[in-house]
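Peer 1: Pasting in a structure now, in structure tokens, and then I'll have a few things to ask.
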Amino acid sequence: MSWLLTHVVLLLGFLLALPVIAQMIRQRYSPAGSLAWLLSIILIPYLGIPLFLMLGGRKMRSLAASKTNLQLPEQSLTLQKGIPDIDRLMRSYGLPGAVTGNQLQLLGSGEEGYAALVEIIEQATTHLWVSTFILHPDQVGRDIIDRLSRRAAAGVEVRVLLDGVGSLHTHRKDLAPLTAAGGKIAFFMPVMHRPFRGRTNLRNHRKSVIADSCRIWAGGTNIANEYIGPTYDPHRWRDLSFILEGPATQHYIDIFSSDWQFATGKQLSGSTINPAKMNVPVIGDATVQVVPSGPDVSGDPLYSALISAAFQATERLWIVTPYFIPDAALAQALQLAVHRGVDVRVILPEISNHKFADMARGPYLRELQQVGGQVLLYQGGMLHGKALLADTFLAVIGSANFDMRSLFLNYETGLLLYSQTEVKQIEAWIEDLTCHCRHGIGQAGLFRDLLEGIIRMMAPML
């Protein structure tokens, strides 16, 4: 009888695996990712199949089709040599082109980020639209919730969009003051509602606060004590955010509108300003390009921008990221840049807040260091900022980390900077980081090398 039960179980596992394998192939993973999922589904189907159903979704056509297209009117520009290539590449994905006439203020510390966020909230007169991955109910989080509540009570339209995973520790009772004042809360893909629809692994990692459709607070910074605060804290993470004003703000508005409609099933109320009909004044000379990436965008434009920058760079390619887990093509592009004589530097925390990511990054960093690339380990605690600098023609900032999750799975927003003033500001910020770094990553012992190899094999599954 036991042999019959064994055969039934094997047959059931095989029958379950067939449609899952077909779905996995349609997702168009990298060869390494497809092989990793295939082995897990075949060898351990009763574990591999549920994991794929929860985590395996990538570019979901029905999901992307349910969101509005991120298309905005173009603005013709005359850009310096070398820029049109990346700008044209982004346009090929159906994204808005670069726009000039903006003003960008970089916020290189948690204190600067907090002060700018408070100012943008307090000065809003018509609406505040907030999108963040994390809004912790700690001291800073409660302070921001209270400020949003007061603005809502004063008649400002407040909308807050939280990610379903990032907000797991944020309960509705923590947000009660805001809802009581008339603010609206929405959760992007609540995990418990859709555990087996391939969406658990697709997170909204975008961060922006939009005030009156004319000022944006954005970047990679979440709202919690470890990211921002009113006074200096030696344990606070080093991060990068910015204030953006000018024509490019319309692109952030469009992204938020699409995300809000997807999460709530409702469009933003007609009482708010229609960004498509606004005449945003030219207030500066910063030339920027807003690049959303994720399941709601065709292809992987942010990833393509990074690959293109790696191949276009002739002098330097500096990368700041909390987590470094590139795919094979991106890792190879960086190594080829080193062989061309490009000054390639990767700056990341010596110890991040994710041990898995620290283990997974080891082989990539050692391979890059072996061919002549520089690995700089930040000694000032957790480094959460994200930036890329390519020669003097491009800087990239925003919400995306330099890992496969951010580049292929998450909903992200990057900001490409083309103007010299802004590129030099990123250069200065990175140079300040290097003053607090230790150069080089050591060789791994036998056990760590084995463990890193196993984790590296698992990385493409995510």
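Peer 1: Name the residues in the range 335-347 that are surrounded by fewer than 22 Cβ atoms within 10 Å (Cβ to Cβ) and in contact (Cβ under 8 Å) with a residue 60 or more places away in the chain, would you?
Peer 2: 345, the sole residue that qualifies.
Peer 1: Could I ask something else about it? Say we look at the range 259-292 and pick out the residues that are of a type in the set (Ser, Thr, Tyr) and surrounded by 13 or more Cβ atoms within 10 Å (Cβ to Cβ); which of these is modelled with the lowest pLDDT?
Peer 2: Restricting to residues being of a type in the set (Ser, Thr, Tyr) and surrounded by 13 or more Cβ atoms within 10 Å (Cβ to Cβ), the top hit is 272.
Peer 1: Tell me the residue from 332, 379, 374, 369 that is farther than 25 Å from residue 450 by Cα and open to solvent by 20 Å² or more (accessible area, probe 1.4 Å), please.
Peer 2: Checking each option against the conditions leaves just 379.
Peer 1: Ok, one more. Which of the residues that make up the range 293-305 are open to solvent by 10 Å² or more (accessible area, probe 1.4 Å) and either without any contact (Cβ under 8 Å) to a residue 24 or more places away in the chain or part of a helix (DSSP H, G or I) (or both)?
Peer 2: 303, 304, listed by residue number.
Peer 1: Scan the range 173-227 for residues that are under 30 Å from residue 321 (Cβ atoms), modelled with pLDDT of 90 or more and of a type in the set (Ser, Thr, Tyr) and report the count.
Peer 2: 3
Yes/no matrix, rows are residues, columns are (1) open to solvent by less than 10 Å² (accessible area, probe 1.4 Å); (2) over 30 Å from residue 312 (Cβ atoms); (3) in a strand (DSSP E or B):
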{"position": "86", "(1), (2), (3)": "yes, no, no"}
{"position": "97", "(1), (2), (3)": "yes, no, no"}
{"position": "103", "(1), (2), (3)": "no, no, yes"}
{"position": "114", "(1), (2), (3)": "no, yes, no"}
{"position": "117", "(1), (2), (3)": "yes, yes, no"}
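Peer 1: Are any residues in the range 321-347 touching a strand residue (DSSP E or B) at 6+ places or on another chain (Cβ under 6 Å) and part of a helix (DSSP H, G or I), and if so, which ones?
Peer 2: 334, 337, 338
Peer 1: Taking residue 326 as the residue in question, decide whether it is buried (at least 20 other Cβ atoms within 10 Å of the Cβ) and in contact (Cβ under 8 Å) with a residue 40 or more places away in the chain. First the steps, then the outcome.
Peer 2: Details: buried (at least 20 other Cβ atoms within 10 Å of the Cβ): yes; in contact (Cβ under 8 Å) with a residue 40 or more places away in the chain: yes.
Judged against the criteria, residue 326 is a match.
Peer 1: Still on this model: Do we find a residue being open to solvent by less than 40 Å² (accessible area, probe 1.4 Å), at pLDDT below 95 and assigned to a helix (DSSP H, G or I) anywhere in the range 348-357?
Peer 2: yes
Peer 1: Still on this structure, I have one more. Residues of the range 403-433 being closer than 21 Å to residue 323 by Cα, open to solvent by 10 Å² or more (accessible area, probe 1.4 Å) and out of contact with any Gly (no Cβ under 7 Å at 6 or more places or on another chain), which ones?
Peer 2: 403, 404, 405, 408, 427, 431, 432, listed by residue number.
Peer 1: Still on this structure: Taking the condition in contact (Cβ under 8 Å) with a residue 40 or more places away in the chain, crowded, with 21+ Cβ neighbours inside 10 Å, in contact with an Asp or Glu (Cβ under 7 Å, 6 or more places away or on another chain) and farther than 24 Å from residue 205 by Cα, does residue 385 pass?
Peer 2: Details: in contact (Cβ under 8 Å) with a residue 40 or more places away in the chain: yes; crowded, with 21+ Cβ neighbours inside 10 Å: yes; in contact with an Asp or Glu (Cβ under 7 Å, 6 or more places away or on another chain): yes; farther than 24 Å from residue 205 by Cα: no.
No: the conditions fail for residue 385.
Peer 1: Kindly check whether there is at least one residue in the range 446-462 that is at pLDDT 85 or above and not aliphatic (A, V, I, L, M).
Peer 2: No.
Each row is one residue, and each column tells you yes or no for (1) under 23 Å from residue 423 (Cα atoms); (2) under 21 Å from the mean Cα position of the chain (by Cα).
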position: 296; (1), (2): no, yes
position: 312; (1), (2): yes, no
position: 342; (1), (2): yes, no
position: 352; (1), (2): no, yes
position: 363; (1), (2): no, no
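The values are calculated or read from the model by the stated rules, or taken from the named source; none is laboratory data. Note that this is a predicted model, so its numbers are computed, not measured. Neighbour counts are summed over all protein chains in view; Cβ atoms, including those assigned to glycine, are modelled from backbone coordinates with ideal geometry. For the accessible areas, the whole protein counts, side chains as well, though only heavy atoms, and no ligand, DNA or RNA atoms are used. Shrake-Rupley method; radii C 1.70, N 1.55, O 1.52, S 1.80 Å.
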